[in-house]
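Asks: Pasting in a structure now, in structure tokens, and then I'll have a few things to ask.
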Amino acid sequence: MSTTLIEVRQARTTDAAAIAEAHDEAWRAAYQGIIPGAELQKLINRRGPSWWDSAIRKGSRISVLIFGDIVAGYANYGRNRARSLHFDGEIYELYLRPEFQGLGFGRRLFVAARRDLMHSGLRSMVIWALSDNEAATEFYRTLGGRMVARSSEQFGPRSLDKVAFAWSN
């Protein structure tokens with residue numbers, strides 16, 4: 001019987017290319033048909049291996065979920081960026097490659113990021129999701145997030161609604 005190691009750990013510079021691949025696959029699966037094609041491609045292209053390498057070297061908080069030797073997903077998080085929302089921390093991104101979704105790995109990544117934020121004294125947190133991304137909004141509701149704000153974001157010619165989910169201790 002073989003065992004596959006599953007772990008969540010801080011990203012290393014050697015993970016940059018694999019995180020870029022996970023980002024590409026996850027964003028295509030999540031946003032195809034929601035974000036206009038050319039805009040989606042631009043957003044994905046901006047986050048190549050060198051972008052992730054730089055973010056890791058600069059000390060951005062990025063955790064990866066490793067399944068065997070594959071970066072199955074990642075979370076990027078830190079202080080809350082929305083001054084109008086009175087929460088300490090924010091998960092900026094939490095994505096899994098499509099084949100790893102629906103298996104409990106997203107929850108593991110979420111719990112690890114939230115724990116890291118709490119250990120840093122950031123006790124409450126917020127996450128933004130596009131309203132049309134039903135998988136994400138349902139995921140955050142299932143994790144106990146309560147909707148606390150709405151806004152919109154421009155993607156080329158299209159304005160998309162987004163919602164903020166929050167957790168407090």
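The values are calculated or read from the model by the stated rules, or taken from the named source; none is laboratory data. Computed from a predicted structure; not experimentally measured. All Cβ positions, even for glycine, are placed from backbone atoms using ideal geometry, and neighbour counts span all protein chains on display.
Asks: Give the residues of the stretch 76-109 that are farther than 16 Å from Ala135 by Cβ and assigned to a strand (DSSP E or B), sorted by residue number.
Replies: Restricting attention to the stretch 76-109, the residues satisfying the condition of being farther than 16 Å from Ala135 by Cβ are 76-90, 92, 108.
The answer is Asn76, Tyr77, Gly78, Arg79, Gly89, Glu90, Tyr92.
Asks: Is there any pair with a first residue in the stretch 12-28 that is without any contact (Cβ under 8 Å) to a residue 40 or more places away in the chain and a second that is part of a helix (DSSP H, G or I) and crowded, with 22+ Cβ neighbours inside 10 Å whose Cβ atoms are under 9 Å apart and which are 6 or more apart or on different chains, and what are they?
Replies: As it stands, the answer is Ala17/Trp52; Ala20/Trp52, since those pairs meet every condition given.
Asks: Follow-up question, since we're still on this one. Tally the residues that are farther than 24 Å from Gly33 by Cα and out of contact with any helix residue (DSSP H, G or I) (no Cβ under 7 Å at 6 or more places or on another chain), restricting the search to the stretch 104-141.
Replies: 21
Asks: Could you check the stretch 128-167 and list, in sequence order, the residues that are modelled with pLDDT of 95 or more, part of a loop (DSSP other than H, G, I, E, B) and of a type outside the set (A, V, I, L, M)?
Replies: Those that are modelled with pLDDT of 95 or more, part of a loop (DSSP other than H, G, I, E, B) and of a type outside the set (A, V, I, L, M): Ser131, Asp132, Asn133, Gly144, Gly145.
Asks: In addition: Among Ser159, Ser151, Ser120, which is the only one that is touching a Lys or Arg at 6+ places or on another chain (Cβ under 8 Å) and among the polar types (S, T, N, Q)? Quick ask: steps written out before the conclusion?
Replies: Details: Ser159 fails: touching a Lys or Arg at 6+ places or on another chain (Cβ under 8 Å); Ser120 fails: touching a Lys or Arg at 6+ places or on another chain (Cβ under 8 Å).
Residue meeting the stated conditions: Ser151.
Asks: Need a quick list: helices (runs of 4 or more DSSP H) entirely within the stretch 1-62 having at least 2 residues that are over 14 Å from the mean Cα position of the chain (by Cα) and closer than 24 Å to Gln154 by Cβ. Spell out how you get there, then give the answer.
Replies: Values: elements: 16-31, 37-45, 49-57.
Fully inside the stretch 1-62 and qualifying: 37-45, 49-57.
Asks: Here's a follow-up. Looking at the stretch 100-111, which of its residues are in contact (Cβ under 8 Å) with a residue 24 or more places away in the chain and either surrounded by fewer than 22 Cβ atoms within 10 Å (Cβ to Cβ) or of a type in the set (A, V, I, L, M, F, W, C) (or both)? Please lay out each step first, then the result.
Replies: Residues of the stretch 100-111 in contact (Cβ under 8 Å) with a residue 24 or more places away in the chain: 100-101, 105-110.
Once the filter is applied, which keeps residues that are in contact (Cβ under 8 Å) with a residue 24 or more places away in the chain and either surrounded by fewer than 22 Cβ atoms within 10 Å (Cβ to Cβ) or of a type in the set (A, V, I, L, M, F, W, C) (or both), the stretch 100-111 yields Phe100, Gln101, Phe105, Arg107, Arg108, Leu109, Phe110.
Asks: Looking at Arg61, Arg115, Arg97 in this structure, which one is surrounded by fewer than 18 Cβ atoms within 10 Å (Cβ to Cβ) and basic (Lys, Arg)?
Replies: Checking each option against the conditions leaves just Arg115.
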